[in-house]
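Novice: Before anything else, here's the structure in question.
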Amino acid sequence: MSDKKFYVTTPIYYVNDKPHIGHAYTTILADVLARYHKEDGQETFFLTGLDEHGQKVQQAAEKRGMAPQEHCDDLAPRFIQLWKKLNIENSDFIRTTEPRHKEVVQKILQQVYDNGDIYSAEYEGWYSVSEERFITSTEKDSGEFRDIKQLKEKNYFFRMGKYQQKLIDHINDNPDFICPESRKNEILGFLRQPLGDLCVSRPKDRLNWGIELTFDKDYVTYVWFDALINYISAIGYLSDDAKFKKWWPHSLHLIGKDILTTHSVYWTTMLFSLGLPLPKKIFAHGWWLIGESKMSKSLGNVVSPLDLVDEYGVDAVRYYLMSQMVLGQDCSFTFESFITRFNNDLANDFGNLLNRVSGLIRKNFDGVVPACGQLSDADKEIVDLTGQTEKEIACAVDKLEIHTAVASTLRLVSMANKYLEHQAPWKVAKEDLKRAGTILYVATEALRIATLHLVPIMPSKTKVVLDVLRAVGSDTKWGGLRSGSVLEAHDALFPRLELSKE
């Protein structure tokens, strides 16, 4: 992994949404990456938050008979409580209604306006209320947009097209800037057509729930121009110069593929106008599907992460989400796949390895970790595998392939289980207790190292294992298990699950 500072962000989630697996996935992914980088000795900053302005928020508040701010204050705790329940360790949580954010947005609007990159013009076209933006005739005819109406009004526009070639050059000069490759190609394809300017205002007589333009009090800013700025307002842009220089541009923006254009085109051209460097990487992951359909509130197929956590535990949910999705591709959620992965990986392999070594050490060594004698070739294979696993995990995390990091760790667990079966210390102990002790030390040390690699994925259950082993520190070098330590008693780590007919 890199020795630079690591700043990771999630999208700021829409306050009206009910948190679902998609929200949980992105936030857990950011948390896991931040934890891996912390384990690597890096300084990290992890930002998440809520997008609270715009027409849909205003309309939802009106339906509830509430002021928009009151509506947002009522809904925001749903996300805050979920992140706490999912063991998310974010460094900051920003809401776009906070003064610290609004002040920066207004300063940026004025700066871009003073640069000559914002101008006023009358515009007539199709407007999608659901998307809160003007759309082209082609988009209108696609059938993908709801609540469409024709509008003619004066608005303010950002000269986005001015920076088209500069953006194309940056993408071509920095091949890892937009990932995966398919998303980079998608944006380059989009940029083959002339890039129009972006409408960045809404008249107050149509929408008043937004951040007021400093240069025209009759308008508020477009919600996307407001929302994207959170990535720099939270780390001190125009308010804490030292903090901002520390963290920007060391940023990884994790997003869903549906907001790729706003992040790869709107946001980047805004930064060009401000004279700021672009983030290091924008990574667009796929969608969680139910069957062949995207998970969405309108389809009624949303899986609640809170329900899953209450039923199966937070670490099982975190493990499933991180191990199941190949980053960049879509992934189908099914309870069958959840139960299968839980039983195969967590109950049969990881939990079983703990049960076996602790049971055999209690039976043959009174619960005291035995000394490690001379290593056989079979022992050395496990030692070598731990070193190989560490390299594979570092490489996988650098590539954001968390599923690969998990698979490498579970391969170590699986090989330790097979090593026990082949070496049969329960038989060896009858004739050579010292050799049996070495076998058990090797298997238990492999478990300790594998557990440390799983800490970012399952912080709660791994703590249980490390406490049982009386393991101290986070050093994954071989030999960290202390002979002579007395193992703690423990319950089954992951009892097997049965898939109910319901």
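Each reported figure results from applying straightforward, stated rules to the coordinates on display, with no laboratory input. Please read these numbers as outputs of a predicted model, since none were measured by experiment. For neighbour counting, all protein chains shown are included, and Cβ atoms are generated from backbone atoms with ideal geometry for every residue, glycine included.
Novice: Under the definition of Cα pairs under 8 Å and six or more residues apart, what whole-number percent is the relative contact order of region 327-417?
Specialist: Details: 41 pairs, mean separation 33.9, N = 91.
Reported relative contact order: 37 percent.
Novice: Another one. If neighbour count is taken as other Cβ atoms inside 10 Å, put 74, 366, 377 in order from fewest to most.
Specialist: Details: 74 13, 366 9, 377 6.
Ordered from fewest to most neighbouring Cβ atoms within 10 Å, 74, 366, 377 come out as 377, 366, 74.
Novice: Lysines near residue 18 by alpha-carbon distance under 26 Å, same-chain residues fewer than 8 away left out - which ones?
Specialist: Hits, sequence-local ones excluded: 56, 63, 84, 85, 102, 257, 294, 297.
Novice: Given contacts defined as C-alpha pairs under 8 Å and at least six residues apart, what's the relative contact order of region 396-494, whole-number percent?
Specialist: Details: 78 pairs, mean separation 21.3, N = 99.
Averaging sequence separation for qualifying contacts and normalising by length gives 22 percent for region 396-494.
Novice: Quick one: give the max-minus-min coordinate of the C-alpha atoms of the chain along each principal axis, largest first, in Å.
Specialist: That works out to 92, 49, 38 Å along the principal axes.
Novice: Let me ask something additional. Over the chain, what is the relative contact order in percent, taking alpha-carbon pairs closer than 8 angstrom and at least six residues apart?
Specialist: Working: 769 pairs, mean separation 75.0, N = 502.
That works out to 15 percent.
Novice: At 37 °C and 0.692 mPa s, grab the translational diffusion coefficient of region 1-135 from Stokes-Einstein with a Kirkwood Rh over Cα pairs, rounded to a whole number in µm² per second.
Specialist: Working: Rh = 17.4 Å.
Value of D from the Cα-based Kirkwood radius: 189 µm²/s.
Novice: In what order do 475, 173 fall by count of nearby beta-carbon atoms within 10 Å, going from fewest to most?
Specialist: Values: 475 12, 173 8.
So the ranking, lowest neighbour count to highest, is 173, 475.
Novice: On full extension of the chain, what length is gained from residue 107 through residue 427, given 0.36 nm per residue of separation minus the C-alpha to C-alpha distance? Could the numbers behind the result be given before it?
Specialist: Values: separation 320, 0.36 × 320 = 115.20 nm, distance 7.42 nm.
So the extension gain works out to 107.8 nm.
Novice: Also, quick follow-up: Which of the lysines could be linked to residue 380 by a straight reach, that is with a Cα gap under 19 Å, when you skip same-chain ones fewer than 8 residues away?
Specialist: Partners within reach: 391, 418, 434, 477.
Novice: Then there is this: When the expected Rg is taken as 2.2 N^0.38 Å, what fraction or multiple of it is the alpha-carbon Rg of region 418-483?
Specialist: Numbers: Rg = 13.2 Å, N = 66, 2.2 N^0.38 = 10.8 Å.
Computed over Cα atoms of region 418-483, the ratio equals 1.22.
Novice: When the Kirkwood hydrodynamic radius is evaluated over all pairs of different C-alpha atoms of region 335-468, what value in angstrom, to one decimal, is obtained? Don't skip to the end; give the middle numbers.
Specialist: On the way: mean 1/r = 0.0651 Å⁻¹.
Taking every pair of different Cα atoms in region 335-468, averaging 1/r and inverting gives 15.4 Å.
Novice: If you line up the Cα atoms of region 70-114 on their principal axes, what length do they span on each, largest first, in Å?
Specialist: Each principal axis gives a Cα extent; for region 70-114 these are 45, 25, 12 Å.
Novice: Then there's this: What order do you get for 88, 290, 255 when you list them from fewest to most C-beta neighbours inside 10 Å? The partial results should precede the final answer.
Specialist: Details: 88 23, 290 17, 255 20.
Arranged by neighbour count, lowest to highest, 88, 290, 255 become 290, 255, 88.
Novice: If you find the alpha carbon centre of region 120-173 and of region 399-451, how far apart are they in angstrom?
Specialist: Spelled out, the Cα-based centre of one part sits 58 Å from the other.
Novice: Here's a follow-up. Given only helices, namely DSSP H runs of n ≥ 4 each adding -39500 (n - 2.57), what is the per-residue ellipticity at 222 nm of the chain, to the nearest 500 deg cm²/dmol? Numbers along the way, then the final one.
Specialist: Numbers: 20 runs with 232 residues, N = 502.
The helix contribution divided over the chain gives -14000 deg cm²/dmol.
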